[in-house]
Amino acid sequence: MHNRLIPKYARYFAGRTSALLSISAALLIASQLYSCGRSPTKQVDYRRSALKPLLGQDATRETSTSATSAGSNDIFNSALSCGKSYAPGRSSLHLLSTEEYDNTTSDLFFTSTKASAIAIFESAPKGQTGFASDTGNFPLTALTVSKYWDAATALADELIKSKGKANGAYAAVAPCAVDQAAVAPTCSAAVIRSLGLRAWRRPLTDSGATSEVARLQAMVNAAGSFDEGLRALVQALLISPNFLFLGITSDDSATAGAIFPLSQHQLASRLSYYLWGTTPDTELLELAGNGALASEATLSAQVERLLRSPRANHISKAILNDWVGADTLVDMVTPSLNSALKAAMIRETELLIQDIVQGDKSLINLTAAKYSYMNKALADHYGLPFGGANPAQYAAVDLSQTPRHGVLSQASFLLATAGSTTETRPVKRGQALANNWTCSDVPPPPPGVPPLDSTKLPANATPRQTLEVHTNNPACAGCHKVLDPLGLGFESFDSFGKWRTTYEALAQAPIDSSGEFSDGFKFKNTEEMLSYLATSSTVKTCMTRKMLELAVSRRARTTADQCVSKEIGQAALSDTSKFSDLIKMIVLSRQFGMQSGATP
Amino acid sequence: MTNYRHNRRTFITSVGSMFTLPLLESLWPLTASAQTAANDPRRYICFYFPNGTYNRGDQATWYPPTGTLNAATLPPVLTPFAGLAGDYSIYKNIATQATDQLSNAVGQHPAAAVAFMTCSPNMNPQISFEHMLAAKVGKPALVLQGNTGDQGDSQADNGISFLNGRVVRGLSNPGDLYRQLLGQVVTPSPSPSPAPQPKPAPSPAIQGSILDSALEDLNGLRAKLGKSDQQRLDDYQAGIRALELKLGATPPSGPSSPSGPTTSPACVQPRNNSTVDSSAAAANSSLYLDRMRTFNDLITIAFACDVTRSVSIMLDVETGSRSLPSAPSELLYKGADIAGWNNHLVSHFGHFDSGDFAHSTPDGIPRCITRDRFYLSVVADLINKLKSAKDASGSAILDNTIIHSGFGIKDGMHRIELAKSPPTLVAGGRNFITPGQSFDFSNYDVADMFYTFSTHLGLGIPNFQTGNKLIKL
């Protein structure tokens, strides 16, 4: 089937190449002109100057576009053969993650202050998708709301304190109030509209009994002075559910069976939080305000623009920490591993991911890359030659003569999933592979599992012999027949990712890393397993599904999700495709641009 | 035409004033000593011990003879706490019907935690007991935990506290509790070192407008959401309500000024313990006792200031892998220390790969007793602190507080046929129950115990899950 599809996508991209190139080139040049060689402070200045058009924006125009939907939802009916009418799925109300909160408030108030650190936000558990931005499991308690209040108060205080400073945040947020003894109502209304637009990621309602602008203006007026009013405004905007939650709503959103397109502003938010982890910038807001974002060409151009920005490091970090799981190494107690080498392990994976995202290479390189980036210490750890000039610096290392492929053969992944630093626990690695790389959805172990009866094991039992006790038990076999062969396939790597052929602690017993995938593919050893993972369509589908889940902050487990993931995976995860191809296709899917109604 | 539209806050304030002003004078005490214990607030604390213990009917490890507790006949676990024997009671043979039912479906570890304060036979209970009390009295419950919460096998394993059908994770850093609930609520008392000047707070009216604005936004959003999202907003709304109380609770001046009817002399400015105020400290096993004792200090002040009336503390998670620190020497039973062991392994008497004692390490049972003493020492620390702190009536805060502690799992080795119930210790509450007893509650379920607690705490509920029998405690 995908033989038919590839030409279709080739046509899709070819047909837009010239337009995309010209828009992208213009944006690239513009962004480089602005950012090249600038200090972080100067970049803040750039953002502030870019904000100016919004500050004077006509309120009527904002209001008139507030309810504009993506309208031409034909673009989200896409070229996929999965159908044009399937339910796109429903993302729940998305509470901003800690990183998103900090990024957003930093952009809103032109500050490097991390509000979460001041208010000491609780560490948030990752959601069902495994990504930190999936906050579905984060409990919203009285204490949490109290911390949001403290953060809002601290940010408001900082804003007021910047009054009088040249190029300060106050001047950017409330330019009409600077040097004014008495602030005119038109000025405070303009501040409410512009700050409200950026904080709530949509224009505030500005007419009728439910006018948000009027309500906030009354509050500002009652505060006694404009500055106190501004303080209250910041607190009100930031404690509001319109700020804390990214909600995909419409008049139909509580109607079961309804399908509706995201509004222009919802689309801008979803795109911005996906790729940058923050609120939409001026350009996205302007496009949304003009009703011009929801077109194939514009969305594609915006994907290109956002991915070229250093801020797209957000998506690299999500892959590194929440997908590969490298962040678990940071707090892992590893007495036998020096901290510099552990850092190098994480850095190796980070550099490969950055190479894919920022170098715009195919995401399949995550499992397929026959190269890596190491310093000498890490190369020595692996027993590989290091060709760099400076031992402390990271240099590309060719892996073509080794069994290693991509992150699944990197120490960060292998240590994070080893289960122990003294002996490997194949079930853990098998579970990581099944859940995150083949999307086999093996459930977690049931609670209260009785321990293995070690009395039935021979002396010096190998992990394979130990696990046979599981697979021979009918109650355990269902899952372990899937997990154990996958995990045992990694047995040629010790806990720290070094290659081995025998178990040193088990009287040099030889390692048998053969196994079988649930699709029937049999492998004789680790090398064959890794080669399969580098080309497998199952892995491509799964990787696409992970990226889709990151985009829509929900598990992508419906039949339609599976179909879309498979098609996009086949088309956009070839050796020669680009990372941006994948993202564009996800952004143009119905899952991204539309939403199913909820059960009221 | 005149617009007579009033907002919610104006309405509540007006109605509140209308009904309460005539009563205000009669409620205000002529002097502090005129306050009676009946007017003191009543509170509830739960300490959860994870993973079960050595609890065999034929070995009196936990249970003293039925009747009044006697220091001379205390079992090994309780021996170090002989000095407090008049302050607590031991309950044995009380049924745990919901836990048993849930265990059959999901296993003992998660069932024990989930059902402990909910008596719910399903994995997503709506609300646990401490939050019921919190809702009744309009003050937030404190949810605390002894570890960082990331070392259990699953989220469900980690939770005893539930609100709106979701598990509530506890704070593990006492500094968070200090900053969020106490540092701002209690006005600083004179201090030898100059304290930083607090920023002028916005007027209550403006703060009220801000929160009203948030609630208005919430209502606008709610109509467009499905059921599950609305539940999320319910959580948020409850948080805003609690924030209203917090912001409105700021006393006008320090403790020496005229105080309300329930202000305790023990309501003083707490001190933050910087040694344990970090996530690193929360993950540092050797600081465990310091953290828990700091929590106890802060709970005592929170009660005295009437910031909260309900607290739950999970001393460790079910099936967690955190290493225990060394126990104080006076708590060691037969010299067996717990340093470096995780409590789950201790519950299995030193060896997971066994179905019974045959494979336990020789000092497995003594180590389990040491661990139980170690956890009980945290409870004892709070008992002592609440005993010293007085309510406005002069009564010890302990006497107005039910401290409920114990295990969710009956037996550490999961041999539930050998143990009728998990050990339960209830302390305090002398103004309405009679501590200092060893009770045999064979005819009751733990749901009846919560129902009985609810009557003493004024919840006004007709039953607690299946429990509707009043127990004479």
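So here's what we get for this one:
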read-out: Verdict on A:K161 being closer than 19 Å to A:D107 by Cα, within 14 Å of another protein chain (Cβ to nearest Cβ), open to solvent by 50 Å² or more (accessible area, probe 1.4 Å) and without any contact (Cβ under 8 Å) to a residue 40 or more places away in the chain; value: yes
read-out: Among (1) outside any loop (DSSP other than H, G, I, E, B); (2) crowded, with 21+ Cβ neighbours inside 10 Å; (3) touching a Phe, Trp or Tyr at 6+ places or on another chain (Cβ under 9 Å), the one test that A:Q431 misses; value: (3)
read-out: A:R311 basic (K, R), surrounded by fewer than 20 Cβ atoms within 10 Å (Cβ to Cβ) and out of contact with any Pro (no Cβ under 8 Å at 6 or more places or on another chain); value: yes
read-out: Tabulated pairs, the stretch A:69-90, first within 14 Å of chain B (Cβ to nearest Cβ) and over 17 Å from A:Q570 (Cα atoms), second modelled with pLDDT of 70 or more and open to solvent by 30 Å² or more (accessible area, probe 1.4 Å), C-beta under 6 angstrom, 6+ apart or interchain; value: A:G89/A:T558
read-out: Residue match in the stretch B:286-301 (condition: under 16 Å from B:L171 (Cα atoms), crowded, with 24+ Cβ neighbours inside 10 Å, among the basic types (K, R) and in contact (Cβ under 8 Å) with a residue 60 or more places away in the chain); value: yes
read-out: Evaluation of A:T424 against (1) among the polar types (S, T, N, Q); (2) out of contact with any Leu (no Cβ under 9 Å at 6 or more places or on another chain); (3) buried (at least 20 other Cβ atoms within 10 Å of the Cβ) (one fails), failing number; value: (2)
read-out: Qualifying positions in the stretch B:40-55 - in contact with a Leu (Cβ under 9 Å, 6 or more places away or on another chain) and either outside any loop (DSSP other than H, G, I, E, B) or not assigned by TED's automatic domain parsing to the domain that holds B:I383 (or both); value: B:R43, B:Y44, B:I45, B:F47, B:Y48, B:F49
read-out: Matching residues, the stretch B:217-243, being more than 7 Å from every other protein chain (Cβ to nearest Cβ) and among the acidic types (D, E); value: B:D234
read-out: Hits in the stretch A:131-150 - residues which are buried (at least 24 other Cβ atoms within 10 Å of the Cβ) and acidic (D, E); value: A:D134
read-out: Subset of the stretch A:362-408 that is more than 27 Å from A:S537 (Cα to Cα), of a type in the set (S, T, N, Q) and out of contact with any strand residue (DSSP E or B) (no Cβ under 9 Å at 6 or more places or on another chain) - its residue that is least open to solvent (accessible area, probe 1.4 Å); value: A:N390
read-out: Test: residue in the stretch B:74-97 that is part of a helix (DSSP H, G or I) and within 14 Å of chain A (Cβ to nearest Cβ); value: no
read-out: Unmet requirement for B:L382, which otherwise passes all of (1) part of a helix (DSSP H, G or I); (2) under 16 Å from B:F49 (Cα atoms); (3) open to solvent by 10 Å² or more (accessible area, probe 1.4 Å); (4) not charged (D, E, K, R); value: (3)
read-out: Counted residues, the stretch A:212-223 - those being away from chain B (no Cβ under 11 Å) and open to solvent by 10 Å² or more (accessible area, probe 1.4 Å); value: 2
read-out: Segments classed as helices (runs of 4 or more DSSP H), wholly inside the stretch A:505-600, with at least 1 members that are open to solvent by 20 Å² or more (accessible area, probe 1.4 Å), more than 30 Å from A:F490 (Cβ to Cβ) and hydrophobic (A, V, I, L, M, F, W, C); value: A:559-572
read-out: Lone qualifier among A:L237, A:L233, A:L284 - being closer than 23 Å to A:A312 by Cα, in a helix (DSSP H, G or I) and of a type in the set (A, V, I, L, M); value: A:L284
read-out: Selected residue (criterion: farthest from A:L159 (Cα to Cα)) from residues of the stretch A:224-240 that are among the small types (G, A, S) and surrounded by fewer than 21 Cβ atoms within 10 Å (Cβ to Cβ); value: A:G224
read-out: Top-ranked residue in the stretch B:225-241 [being touching a Pro at 6+ places or on another chain (Cβ under 8 Å) and in a helix (DSSP H, G or I); ranked as surrounded by the most Cβ atoms within 10 Å (Cβ to Cβ)]; value: B:Y236
read-out: Those residues of the stretch B:128-139 which are more than 13 Å from every other protein chain (Cβ to nearest Cβ) and farther than 16 Å from B:G170 by Cβ, in sequence order; value: B:M132, B:L133, B:K136, B:V137
read-out: So A:A459, is it at pLDDT 80 or above and closer than 27 Å to A:T502 by Cα; value: no
read-out: Hey, B:I369 assigned to a helix (DSSP H, G or I) and modelled with pLDDT of 90 or more or not; value: yes
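The values are calculated or read from the model by the stated rules, or taken from the named source; none is laboratory data. Keep in mind that what you see is a predicted model, and the values were worked out from it rather than measured. In this analysis, Cβ positions are derived from the backbone assuming ideal geometry, glycine residues included, and neighbour counts consider all displayed protein chains. Only protein heavy atoms, including side chains, enter the accessible area calculation; ligands, DNA and RNA are left aside. Shrake-Rupley method; radii C 1.70, N 1.55, O 1.52, S 1.80 Å.
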